[in-house]
Amino acid sequence: MKKYLDIISDLGEGFGSYSIADDSSLLALVSSANIACGFHAGDPRTMASAVEKSIENNVGVGAHPGFPDLVGFGRRAMDLSSWEVTTDILYQIGALHAFVKAYGGELQHVTPHGKLGNFSVVDQRYAKAIAEGIAMFDPSLIVVTMPGELAEAAKKKGLRVAYTIFADRTYNDDGTLVARSNPHAVIRDPDTVVERVIRMVNEGKVTSITGKEIEVNGHSLLLHGDTPGSLQLAKQIKNALMSAEIEIRRLGDWIN
């Protein structure tokens, strides 16, 4: 059976005159993009540029809403009410959608960023609030997340779900990601990353940080563009996937 995989990356995460990743180069490699919506990163000009370039490259555009935390890049915990989370989600999706519409594209998916994304996997209250906001805006959108509470809340709302797997992040035994505070949270060796990716896609398995074999189920492979050597690593991963006869396709073209 033909295997498909979406390659996705976080884009538009600059602010003003500052930028983090080489968005233009990454867009030549990925099939979908998570674009920051102004809360953890991004501003109107950055968002407009990221959306325009994504559409030009036939890359699926997704909203990447996060906590209102520019200083902490959305990676700090915030204790928000369910209504605050839902309305923050609506606000951010709506902001990005304005640019998508202006440039003649369509919004493909939503995936929460950073600490909000982490909470959504394990916290039912946050998960339900996020799913509510997405469903209120557009129930045809794909929810991109890890297995957990958000995936279940989204399914109950009738939303399509795509699971994320991570190229360069280590996993805990329960399938969650190792916290970035751990020095082994990010895998630096390119050959190790490529080998793990091929195994995750072909076998549905990965070795956890403790050496345990765990199952992973993924539709989208997330590549981080803000780590040293990330662009070259992305090229290696894509070449390896193509050599393994795994077809790279954006989510909207094959997720039911």
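The values are calculated or read from the model by the stated rules, or taken from the named source; none is laboratory data. Just so it is clear, the model here is predicted, and its values are computed rather than measured. Glycine gets a Cβ as well: all are built from the backbone with ideal geometry, and neighbour counts include every protein chain shown.
The number of residues in the stretch 73-99 being farther than 11 Å from CYS37 by Cβ, surrounded by 19 or more Cβ atoms within 10 Å (Cβ to Cβ) and not hydroxyl-bearing (Ser, Thr, Tyr) comes to 2.
The number of residues in the stretch 213-252 that are part of a helix (DSSP H, G or I), without any contact (Cβ under 8 Å) to a residue 24 or more places away in the chain and either touching a strand residue (DSSP E or B) at 6+ places or on another chain (Cβ under 9 Å) or among the hydroxyl-bearing types (Ser, Thr, Tyr) (or both) comes to 2.
Contact map, the stretch 51-70: residues that are part of a helix (DSSP H, G or I) paired with residues that are of a type in the set (Gly, Ala, Ser), Cβ distance under 6 Å, separation 6+ or inter-chain. Pairs shown: SER54/ALA33; ILE55/GLY105.
Filtering the stretch 236-256 to residues that are small (Gly, Ala, Ser) and loosely packed, with under 12 Cβ neighbours inside 10 Å leaves only SER243. Flag: THR210 does not match the condition of being within 18 Å of ARG75 (Cα to Cα), in contact (Cβ under 8 Å) with a residue 12 or more places away in the chain and among the β-branched types (Val, Ile, Thr). Looking across LEU5, LEU80, LEU29, one residue alone is assigned to a loop (DSSP other than H, G, I, E, B) and under 25 Å from MET200 (Cα atoms). It is LEU29.
If you go through the stretch 190-207 and keep only what is outside any helix (DSSP H, G or I), on the phi < 0 side of the Ramachandran plot and surrounded by fewer than 16 Cβ atoms within 10 Å (Cβ to Cβ), you end up with LYS205, THR207.
Considered as a group, the residues in the stretch 150-180 that are more than 23 Å from LYS205 (Cβ to Cβ) and of a type outside the set (A, V, I, L, M, F, W, C) include one that is surrounded by the fewest Cβ atoms within 10 Å (Cβ to Cβ), and that residue is GLY158.
Restricting attention to the stretch 108-125, the residues being crowded, with 19+ Cβ neighbours inside 10 Å and either of a type in the set (A, V, I, L, M) or farther than 21 Å from ILE35 by Cβ (or both) number 3. Here PHE67 does not fit the description of being modelled with pLDDT under 95, closer than 21 Å to GLY14 by Cα and either more than 20 Å from the chain's Cα centre (by Cα) or of a type in the set (Phe, Trp, Tyr) (or both). In the stretch 59-72, the qualifying residues are those that are farther than 16 Å from MET47 by Cβ and of a type in the set (A, V, I, L, M, F, W, C), and the one that is surrounded by the most Cβ atoms within 10 Å (Cβ to Cβ) is PHE67.
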